[in-house]
1. What single numbered condition from (1) within 26 Å of residue 101 (Cβ to Cβ); (2) part of a helix (DSSP H, G or I) fails to hold for residue 5?
2. What are the residues in segment 146-175 that are within 13 Å of the ligand (Cβ to nearest atom) and part of a strand (DSSP E or B), if any?
3. Looking only at segment 119-132, filter to residues that are within 9 Å of the ligand (Cβ to nearest atom) and over 20 Å from residue 81 (Cβ atoms); which one of those is most open to solvent (accessible area, probe 1.4 Å)?
4. Tell me which residues, restricted to segment 1-28, are more than 10 Å from the ligand (Cβ to nearest atom), among the polar types (S, T, N, Q) and in contact (Cβ under 8 Å) with a residue 12 or more places away in the chain.
5. Tell me yes or no: at least one residue of segment 136-145 is surrounded by fewer than 17 Cβ atoms within 10 Å (Cβ to Cβ), under 30 Å from residue 4 (Cβ atoms), away from the ligand (no atom under 16 Å from the Cβ) and of a type in the set (Lys, Arg).
6. For segment 92-114, which residues satisfy the criterion of being in a strand (DSSP E or B) and loosely packed, with under 11 Cβ neighbours inside 10 Å?
7. Would you confirm whether or not segment 143-154 contains a residue that is of a type in the set (Val, Ile, Thr) and either free of Cβ contacts under 8 Å to residues at least 12 places away in the same chain or closer than 22 Å to residue 26 by Cα (or both)?
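The values are calculated or read from the model by the stated rules, or taken from the named source; none is laboratory data. Computed from a prediction, not measured in an experiment: that's the story for all the values here. Backbone-built Cβ (ideal geometry, glycine too); neighbour counts: all protein chains shown. Surface accessibility is based on the protein's heavy atoms, side chains included, excluding ligands, DNA and RNA. Shrake-Rupley method; radii C 1.70, N 1.55, O 1.52, S 1.80 Å.
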Amino acid sequence: MSIKSRIRTIPHYPKQGIMFRDITTLLKDAVGLRMMVHELVNRYTGQKIDKVAGIESRGFILGAPLAYALGVGFVPIRKKGKLPAETVGHDYELEYGVDRIEIHTDAITPGEKVLLVDDLIATGGTAEAAVILLRKLGGEIVECAFAIDLPDIGGAKRLEALGVSVFSLTTFEGH
Ligand code: AMP
C-alpha cells in the first residue's frame with residue numbers, strides 16, 4: 001500500500017465541489033506515517049539545510065519529525081495573532097477575502113537555508129506567502145515539500161515562477 005492509497009478523499013468538504021484530501025488516515029497508520037517522514041528524510045539527508053519551516057497546522061505534523069530526523073530546528077509559520085513575540089506578516093488573497101500568516105522575526109537568521117513544508121499545495125497562495133515571509137527574514141528556500149500536490153490547480157507552477165523548487169510525495173488529479 002502506498003502513501004496515496006492511505007489518503008482519504010471527502011467529497012464536498014468543507015464546501016460543495018471541493019475534494020478534501022484527508023491525511024488523518026495516513027497519519028494514524030504507523031507504516032504510512034513512517035513512509036511519509038522517511039521519504040522526505042531520504043530526500044533531504046545530506047543537503048545543506050539549517051531550518052525546516054512548517055505552515056499551520058498540518059505542516060507542523062510533517063515538519064517537526066522531519067526537522068528532528070535531519071537534526072535541524074523547526075520554525076512555525078502561523079495564522080494571524082497566534083505567535084507571542086515580535087512577528088513579520090504577509091497578507092494574501094483567498095477566493096473570498098484576505099488572510100495573513102506570520103513568523104517570529106528572530107525565527108530565521110539571514111542566509112539560513114530553509115526547507116518549507118505543508119501537507120498540500122492547491123492554488124499555492126499560502127505557500128507563496130510563506131516563501132515571501134521567509135525571504136523577508138533573509139532565508140534561502142532550499143525547496144518547498146508537500147505530501148500532496150494538486151497539479152491541475154497550478155500552485156507548484158506558481159511557486160516555480162518565484163524561483164522555488166517544489167517536491168511532493170503524491171499528486172491527485174482535478175480539484
Ligand atoms: P492553497 O493556498 O490554495 O495552496 O491551499 C493550501 C492550504 O489549504 C493547505 O494548507 C491545505 O491544508 C489546504 N487545502 C486546500 N485545498 C485542499 C484540499 N482539496 N484538501 C485538503 N486540504 C486543502
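1. (1)
2. Matches in segment 146-175: 146, 147, 148, 149, 166, 168, 170, 171.
3. 123
4. Within segment 1-28, 2, 24, 25 qualify.
5. no
6. Result: 98, single match.
7. Among the residues of segment 143-154, at least one is of a type in the set (Val, Ile, Thr) and either free of Cβ contacts under 8 Å to residues at least 12 places away in the same chain or closer than 22 Å to residue 26 by Cα (or both), which makes the answer yes.
Conditions tested, residue by residue: (1) touching a Cys at 6+ places or on another chain (Cβ under 6 Å); (2) on the phi > 0 side of the Ramachandran plot; (3) among the hydrophobic types (A, V, I, L, M, F, W, C).
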residue	(1), (2), (3)
75	no, no, yes
79	no, no, no
83	no, no, yes
94	no, no, yes
97	no, yes, no
